[in-house]
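Since every read-out is calculated from the coordinates, none of them should be taken as a lab result. These figures come from a predicted structure and were not determined experimentally. Here the Cβ positions follow ideal geometry from the backbone for every residue, glycine too, while neighbour counts run over all protein chains shown.
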Amino acid sequence: MAATDLLDLPTLRNLVDLDDGSTSLVAEMTALFREDSPRRIREIRAALQAGAAEAASRTAHALKGGAGAIGAKALRAQAAELEGLASDPAATVPEATLEQLEATFQATLQALEDYIRSGS
């Protein structure tokens, strides 16, 4: 996926503008995103394996919020979809959906780090 597919550039530009043209705020938020998101993805997986659909849905909602705050639009969309799927206790979430979520997180993290390096 291209960076424009992964990232909401207007959100990132707003964060840079809030920081007087610096990407340091984006860098700080990226560090939190790097630490927090894998834990949330693991929690979603564990909750689904335990049959705890409500917990999986809540955690997907939190992941969606964090992704939205940093402009990770593709991850946000996938987390929203997962939140909806997990809200139905009778639904099953395919392993491929969780693998795609993880892959999108990794690609988004790389795109954010590239954005910071470019100083855009």
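Would you kindly identify the helices (runs of 4 or more DSSP H) lying entirely within segment 1-98 that contain at least 3 residues that are β-branched (Val, Ile, Thr)? Please lay out each step first, then the result.
Working: elements: 3-6, 9-18, 24-49, 53-70, 73-86.
Once the helices (runs of 4 or more DSSP H) in segment 1-98 are filtered for at least 3 residues that are β-branched (Val, Ile, Thr), what remains is 24-49.
Here is a list of conditions, (1) farther than 30 Å from Ser118 by Cα; (2) buried (at least 16 other Cβ atoms within 10 Å of the Cβ); (3) touching a helix residue (DSSP H, G or I) at 6+ places or on another chain (Cβ under 7 Å), and Leu15 meets all of them except one; can you say which number that is?
(1)
In segment 50-65, what residues are among the small types (Gly, Ala, Ser), within 18 Å of Thr108 (Cα to Cα) and crowded, with 19+ Cβ neighbours inside 10 Å? Full working, then the answer.
Looking only at segment 50-65, we keep the residues that are among the small types (Gly, Ala, Ser), and these are 50-53, 55-57, 60, 62, 65.
Then drop every residue that is not within 18 Å of Thr108 (Cα to Cα), which leaves 60, 62, 65.
Ala60 - this is the single residue of segment 50-65 that is among the small types (Gly, Ala, Ser), within 18 Å of Thr108 (Cα to Cα) and crowded, with 19+ Cβ neighbours inside 10 Å.
Could you tell me whether Thr92 is more than 15 Å from Gly65 (Cα to Cα) and buried (at least 20 other Cβ atoms within 10 Å of the Cβ)?
Criteria not met by Thr92.
Take Phe33 and decide whether it is touching a residue at least 12 places away in the same chain (Cβ under 8 Å) and either in contact with a Pro (Cβ under 8 Å, 6 or more places away or on another chain) or more than 24 Å from Asp5 (Cα to Cα) (or both). Can you show your working first?
Details: touching a residue at least 12 places away in the same chain (Cβ under 8 Å): yes; either in contact with a Pro (Cβ under 8 Å, 6 or more places away or on another chain) or more than 24 Å from Asp5 (Cα to Cα) (or both): no.
Answer is no for this residue.
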